[in-house]
1. Which one of the conditions (1) surrounded by 13 or more Cβ atoms within 10 Å (Cβ to Cβ); (2) more than 19 Å from the chain's Cα centre (by Cα) does residue B:178 fail to meet, given that it meets all the rest?
2. Please report, ordered by residue number, the helices (runs of 4 or more DSSP H) entirely within segment A:140-247 with at least 1 residues that are closer than 28 Å to residue A:126 by Cα.
3. Given the options A:12, A:23, name the one that is surrounded by 16 or more Cβ atoms within 10 Å (Cβ to Cβ) and assigned to a helix (DSSP H, G or I).
4. Just one of the numbered conditions (1) of a type in the set (Ser, Thr, Tyr); (2) in contact with a Cys (Cβ under 9 Å, 6 or more places away or on another chain); (3) within 13 Å of another protein chain (Cβ to nearest Cβ) is not true of residue A:173; which one?
5. Out of all the residues in segment A:143-154, is one or more crowded, with 23+ Cβ neighbours inside 10 Å, more than 8 Å from chain B (Cβ to nearest Cβ), of a type in the set (S, T, N, Q) and under 27 Å from the mean Cα position of the chain (by Cα)?
6. With respect to residue B:142, is the statement that it is in contact with a Leu (Cβ under 7 Å, 6 or more places away or on another chain) and over 13 Å from residue B:191 (Cβ atoms) true?
7. Considering only segment B:209-226, state which residues are more than 15 Å from residue B:195 (Cα to Cα), of a type outside the set (Gly, Ala, Ser) and assigned to a helix (DSSP H, G or I).
Amino acid sequence: MKGKNGWKGYRWFVSLGLIALLWYGVTAIFRVPTYLFPSPAVTVRAIVSDAGFLGRHVAITIVETLAGFGMAVFAGVTVAILMNASRLSRDLIYPPLVLSQAIPLIAIAPLILIWFGLGILAKVLIVAFVCFFPIAVNAYEGFRSVDPALRDLLEAFGAGRADRYRHLYVPATLPGILAGLKIAATYSVLGAVVGEWLGGSLGIGVYMTRALQSFRTDRLFGAILVVMLLSLCLFKLVDGASRRLTPWMERRDHD
Amino acid sequence: MRPLLEVDRLSKSYGDLPVLRDVAFHVDEGESLAILGPSGCGKSTLLRILLGLEGYDAGEVRGPVDRAGYLPQDALLFPWKTVVQNAELPLQIRGVDRKRRREEVASRLPSFGLAGFEDAYPHELSGGMRQRAGLLRAVVSGAAVLVLDEPFGALDTLTRHRLQDWLSGLMSELHRTMLFVTHDLEEAVVLADRVLVLSGRPAGVIGERGISLSREERSDRLSPLFYREKDGLLSMIRKGDER
């Protein structure tokens, strides 16, 4: 069991290592100039040599991402609860919810910046906007998946409202909410970067625009790498939390 | 013996569709009563009424229905709870402290064949084990009457026979009042002291038959004694169909 899990953790690195190797191979074989397509080694060097400066930008992006993510979790679950309250509320909320996803991010993001300024708040809101939908929809589907027979059974045991939430609604919806969180986790960093890209003075997106304007492709690549790592970390964080919170799903996966 | 549960002229319809008509019976304390009837005749509705999950149009139900230990058709264990957590749930809801709940469950695990599976989740158990865990939950709840809805109907024949024999043995140790519905003649003969035969929709009581076999005789499904009981029930059902 332990050996199996050890190998599973290892596979992530093998997969990423293969991509790095492929990347290196392309730059080595085609002898692409560094200013067009830097090799992995050049990119890593760019990150390391500029670590202090990049780090300050990264810190801001992390703050924006986590705050927006948290806001989306709160809003998404709240909306799901409202939709689950009645048929009427569902029919009133669901259509605008879906429509909100039809608004192109590239159109709404500059507006949010105009409304809320170039500071952190606007970026937090953009992240929340991007993450909100998958969380709300998955949480709502989770509520709907509650087995009415189990509700009856709890009633036969004499359960009250608090018991119903504790023993039925929360555990039944948790896998759905966590699945939504996983999708949202990968969107969230992206949302923050897009917001920064459009305007502001701090954040990875800002760092990227500056790198691009000064033709420092190596730094741009470095920033992209950092963004990917951040997304991966957040994803693994949510994944780890979901394994801990829903152990019954975990064992099902491994059967 | 005094009746623990009494049902008097109970009727119920869904809209224009009558489901139960003038159903009347009683369950004595310590007795095991089978309610035998064809599939879809309204047996489950009857149980839901007895459990207080559904209302009825006319008649009366007297008894400790709020203290029934209920085993639904397909165990209905909570998928996110382990065997122990499932079994202790009714006690937990009633506010029994954790230590006493755990003791109560642990002491019964071996006789339910679940020792070693305390921390298993329902999907890790076989169908028979799930059903036993569901019954453990019903028994642990300390209920005055055990209410079983086609307890082993979803299982394969071999497992079903094994579990019926096991439950028959268990009941003789527990001395609990039991009420179960079934469409399986053998199940009724193996597990019941008395069998109530229901007609098809709308369900009404056709007849009643006491089963006075010893435990050993009940487990021998091929013996003439067993056959006579089965045959008696079958002819009662046929007579009901002709009416």
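The values are calculated or read from the model by the stated rules, or taken from the named source; none is laboratory data. Not measured: the values here are computed from a predicted model. With ideal geometry, Cβ positions are generated from the backbone for all residues, glycine too; neighbour counts draw on all protein chains shown.
1. (2) is the only condition that residue B:178 fails.
2. Because the criterion is at least 1 residues that are closer than 28 Å to residue A:126 by Cα, the helices (runs of 4 or more DSSP H) in segment A:140-247 that meet it are A:170-198, A:204-213, A:217-245.
3. Working: A:12 fails: surrounded by 16 or more Cβ atoms within 10 Å (Cβ to Cβ).
Step by step, each of A:12, A:23 is checked, and only A:23 is surrounded by 16 or more Cβ atoms within 10 Å (Cβ to Cβ) and assigned to a helix (DSSP H, G or I).
4. The failed condition is (2).
5. no
6. Numbers: in contact with a Leu (Cβ under 7 Å, 6 or more places away or on another chain): no; over 13 Å from residue B:191 (Cβ atoms): yes.
No, not satisfied.
7. Those that are more than 15 Å from residue B:195 (Cα to Cα), of a type outside the set (Gly, Ala, Ser) and assigned to a helix (DSSP H, G or I): B:215, B:216, B:217, B:224, B:225.
Residues checked against (1) out of contact with any His (no Cβ under 8 Å at 6 or more places or on another chain); (2) under 22 Å from residue A:48 (Cα atoms); (3) outside the structural domain of residue A:166 (by TED's automatic domain parsing):
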| residue | (1), (2), (3) |
| --- | --- |
| A:201 | yes, yes, no |
| A:207 | no, yes, no |
| A:214 | yes, yes, no |
| A:222 | yes, yes, no |
| A:238 | yes, no, no |
| A:241 | yes, no, no |
